[in-house]
Amino acid sequence: VEIRGCVAGRDGGGMLAFGGAALTALNASLDECVAGGVGGAMAVKDRSTVRLAGSIRVSRSRARDGGGVFAQGLELEFAGETLTVEGNSASGRGGGIASWTPLHLSRGSARLTGNQAHVGGGWCGIGYEAVLS
């Protein structure tokens, strides 16, 4: 799946899951997306379920918080082979990933490179545990 050059005035430039939605992304690329609110490439909020598997690439996207990925109100776990989050930007927090939720990046290979933000260029977490191994 390729999602490229998408724009949202509010949240989730490339994709938005909220209100209990279920999302599975397998071998996906989200590039050059823009959100006026949170989650330049992807925003996941409010009890939604997300499974990221295979090879996932999030690049050159931007938003206020979570230039690449924004997650709130769920546990976000990457269960794939490779996760690449690079070249994203946020005017606020979390250039690559902003997680207001537990975050687990412990399987496969995760790379957060070249992301920029006012606070937390690669990753910014508020009030929850992050496991990066």
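The values are calculated or read from the model by the stated rules, or taken from the named source; none is laboratory data. Please read these numbers as outputs of a predicted model, since none were measured by experiment. Cβ coordinates were reconstructed from backbone atoms using ideal geometry, including for glycine residues, and neighbour counts include every protein chain displayed. These accessible areas exclude ligands, DNA and RNA; they are computed on the full protein's heavy atoms, side chains included. Shrake-Rupley method; radii C 1.70, N 1.55, O 1.52, S 1.80 Å.
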Considering each of Gly20, Gly68 in turn, give the residue that is of a type outside the set (Lys, Arg) and more than 16 Å from Ala110 (Cβ to Cβ). Gly20
Residue under question is Leu112, and the condition is that it be farther than 17 Å from Glu2 by Cα, open to solvent by less than 10 Å² (accessible area, probe 1.4 Å) and either modelled with pLDDT of 90 or more or under 12 Å from the mean Cα position of the chain (by Cα) (or both); does it hold? no
Which residues, counting only those in the stretch 60-78, are open to solvent by 10 Å² or more (accessible area, probe 1.4 Å) and not in a strand (DSSP E or B)? Arg60, Arg64, Gly73, Leu74, Glu75
Suppose the filter is within 16 Å of Asn27 (Cβ to Cβ), open to solvent by 10 Å² or more (accessible area, probe 1.4 Å), touching a Gly at 6+ places or on another chain (Cβ under 8 Å) and touching a residue at least 12 places away in the same chain (Cβ under 8 Å); does Glu81 pass it? yes
If a residue must be within 14 Å of Val38 (Cα to Cα), open to solvent by less than 20 Å² (accessible area, probe 1.4 Å) and either free of Cβ contacts under 8 Å to residues at least 12 places away in the same chain or not in a loop (DSSP other than H, G, I, E, B) (or both), how many such residues does the stretch 84-102 contain? 5
Confirm whether Arg47 is outside any loop (DSSP other than H, G, I, E, B), in contact (Cβ under 8 Å) with a residue 12 or more places away in the chain and not acidic (Asp, Glu). no
Enumeration of residues in the stretch 2-26 that are open to solvent by 70 Å² or more (accessible area, probe 1.4 Å), modelled with pLDDT under 90 and of a type in the set (A, V, I, L, M, F, W, C): Ala22, Leu26
From Leu30, Leu105, grab the single residue that is of a type in the set (A, V, I, L, M), more than 19 Å from Gly9 (Cα to Cα) and open to solvent by less than 40 Å² (accessible area, probe 1.4 Å). Leu105
Checking the structure you have, find out if any residue of the stretch 14-31 is touching a residue at least 60 places away in the same chain (Cβ under 8 Å) and under 12 Å from the mean Cα position of the chain (by Cα). no
Quick one: would you say Gly127 is touching a Leu at 6+ places or on another chain (Cβ under 9 Å) and either outside any strand (DSSP E or B) or open to solvent by 40 Å² or more (accessible area, probe 1.4 Å) (or both)? no
